[in-house]
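One structure is given here, and the rest of the page talks about it.
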Protein chains: 2
Amino acid sequence: MDKSLNVGFIGLGAMGYPMASNLVTKLPQGSKLYVFDVSKLATETFTKSHPTSSESCDSPRTVAEHANIIFTMVPEGSHVRSVYLDQPNGLLSHHLQSRLLIDCSTIDCETSSSVHDEVKRHSPSASFYDAPVSGGTLGAEKATLTFMLGCSETDETFPTLHGLLSLMGKTIVACGGPGFGLTAKLCNNYCSALISLATAEAMNIGMRSGMDPRLLARVFASSTAQSTICDKWNPVPGVCPDAPSSHGYQGGFKIQLMKKDFGLAVEAGKKAGAKMLLADAGLKGYTEASEDPRCRDLDSRVMFRYLGGDEQWQELARQS
Amino acid sequence: MDKSLNVGFIGLGAMGYPMASNLVTKLPQGSKLYVFDVSKLATETFTKSHPTSSESCDSPRTVAEHANIIFTMVPEGSHVRSVYLDQPNGLLSHHLQSRLLIDCSTIDCETSSSVHDEVKRHSPSASFYDAPVSGGTLGAEKATLTFMLGCSETDETFPTLHGLLSLMGKTIVACGGPGFGLTAKLCNNYCSALISLATAEAMNIGMRSGMDPRLLARVFASSTAQSTICDKWNPVPGVCPDAPSSHGYQGGFKIQLMKKDFGLAVEAGKKAGAKMLLADAGLKGYTEASEDPRCRDLDSRVMFRYLGGDEQWQELARQS
């Protein structure tokens, strides 16, 4: 990428804002980022921070008028539909000829697939890709996100997509074809949510039996319970100094979002006819914890608190 | 360790036999290993393989007459009780003065604790340690086991224990005190069993949605669903060429043993008052799969088969 580009970014929320910030500072010289968000404050703050390289738009349509490459990063499937279809000034109210459209939102596969089809019917020369991320707001800020991209490595657009996404992330996995980025993301979060809960439960059993959680985490790390969750995001406060659990479960990945993704994965699993033994218990736990005022709005590893885990063990260890 | 030692080993099963084999070949010159097993064939085979450095015993008592250090590696708590207490020629029918007693079996914490107390009452100068292992029969053969040792790193016997266990394993974790080796092992296997099942379910959702399991495993590896189970013991055949799943689920860790450990962990959790959201669903799954003739006696990652996962995807991928 050395030629200047006209790029659009729709959705300047907790994830979208830092992603767009990385994009605007790393695009080739002379490029422009056209931004839109339902919050005027967000677009104004953004364009004030990047006065020469960004421009505020008053609708998705205006973004489409200027940009050849358009990213979307919004919370739910209904928002993706709204940005594309369900409003008079949606993206599809303008022609999208040869546009490269990349949706980074984590939504259900059906909505993504129907938007993909609508785009193709409306502008056959346009391309629509699902490219959800993992890595949280910290990954978005540090440009260390993992992108799960709904295309094949042999897709002729893949090098371009890889170049663009590398400005915002570290790992780009081509998941094989349209929709498979979302499939991979939902499967990953289904698995990750259960690993988090299993690790919280296992740590809690050990601690209530009298074990030091740091020793228990060391056993897990060298044995078959090893996981990134245990090593870097341990649900027990004080085991990983940098993890959200060690900072009042602030930051990280909100439990309501985990519950949302888990629910989407269970829906996808049911539609695909997959037997899931842990789905009901997992969904019940995340749903209840999401509604619990002690857990709501905190990192999803707060499941340890929901289980009644001892968060004061360090105090007691210091006193004894 | 340079002086010759008289060591005992009780239990020459699938794990004990290769562990004792490593021990007998690595002990200081002039040492002798006194072996006992309920199967005479096992002790005879062993002593024939090591004629000068091992000796067959006809009861645990005979082992105690000769050895100062005695390992036990038997399947269940009832066997540990039998070896120590519940037979006329058990270990405690002889004095155990200054003996170092190391039980490597994975059993419930209560039985271990009661044997520990009986030993102390009977011979106050003897020491009894729980030291269960992880790593399976392959780890036992290659001496790469992880030992979870029920003692503190500051325990004066720890250097001796570390030296002895290093002859049979690679990682020795001092878990803090008596019984905590078992606690750590059970918590590890509780967590590992759930990670295996969660990974099998998540891979199955993705595959039934049309995704290539190798791409899905690559996403997990670079994201929050990463685990040793996913990376090295993936439940889907063909993802990890060396994993049991890629060899008809032969080898590895038998599903009945995983079910046994999971059940022991759930019991320990209940006794400790730990809330476990996934315990019932997990135990039900492992129990049913253990009784399923398609899964019984195979590596516990056979849960993928139990879920109805597609084991033929490689054939289909080759054909298309």
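The values are calculated or read from the model by the stated rules, or taken from the named source; none is laboratory data. These figures come from a predicted structure and were not determined experimentally. Using ideal geometry, Cβ is built from the backbone for each residue, glycine included, and neighbour counts are taken over all protein chains shown. Just the protein is used for accessible areas: all its heavy atoms, side chains included, with ligands, DNA and RNA removed. Shrake-Rupley method; radii C 1.70, N 1.55, O 1.52, S 1.80 Å.
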Practice problem: Whole number please: convex hull volume per residue, Cα atoms of region A:183-319, in Å³. | Solution: 107
Practice problem: Return an integer: the convex hull volume of the alpha-carbon atoms of chain B, in Å³ per residue. | Solution: 151
Quiz item: Counting Lys and Arg as +1 and Asp and Glu as -1, each charge on the Cβ, what is the dipole of region A:183-319 about the Cα centre in debye, to the nearest 20?
Solution: 320
Practice problem: Summarise the partner chain shielding of B:243-252 as one whole number: the mean count of Cβ atoms from other chains within 10 Å of each residue's Cβ. | Solution: 0
Practice problem: Using only C-alpha positions, report the orientation-averaged shadow area of the convex hull of region B:1-158, nm², one decimal. | Solution: 8.7
Quiz item: If you count, for every residue in A:226-234, the Cβ atoms of partner chains within 10 Å of its Cβ, what is the mean?
Solution: 5
Quiz item: Which angle between 0 and 90 degrees, to the nearest 10, do you get for helix A:16-26 versus the longest principal axis of chain A when only C-alpha atoms count?
Solution: 60
Quiz prompt | Shielding by partners, peptide A:179-185 (average Cβ within 10 angstrom, other chains) | solution = 5
Quiz item: To the nearest 0.05, how large is the calculated FRET efficiency for residue A:110 and residue B:144 if R₀ is 45 Å and r is the Cβ-Cβ distance?
Solution: 0.45
Practice problem: Work from the charge dipole of region A:183-319 (Cβ charges, +1 for Lys and Arg, -1 for Asp and Glu, about the Cα centre) and give the residue of A:207, A:184, A:243 farthest towards its positive end. | Solution: A:184
Quiz prompt | Solvent-accessible area buried by B and A, counting both chains, probe 1.4 angstrom, square angstrom | solution = 5200
Self-check item: Values of log10 I(q)/I(0), in the order q = 0.06, 0.07, 0.09, 0.10 Å⁻¹, for the protein assembly as shown under a Debye, Cα-only, solvent-free model
Solution: -0.39, -0.52, -0.77, -0.90
Self-check item: Label spacing, shortest first and in nm, from residue B:114 to its equivalents in the remaining copies (7 angstrom along Cα→Cβ)
Solution: 6.2
Exercise. Would you work out the charge dipole size for region A:6-177 about its Cα centre, treating the Cβ of every Lys and Arg as +1 and the Cβ of every Asp and Glu as -1, and quote it to the nearest 20 debye?
Key: 460
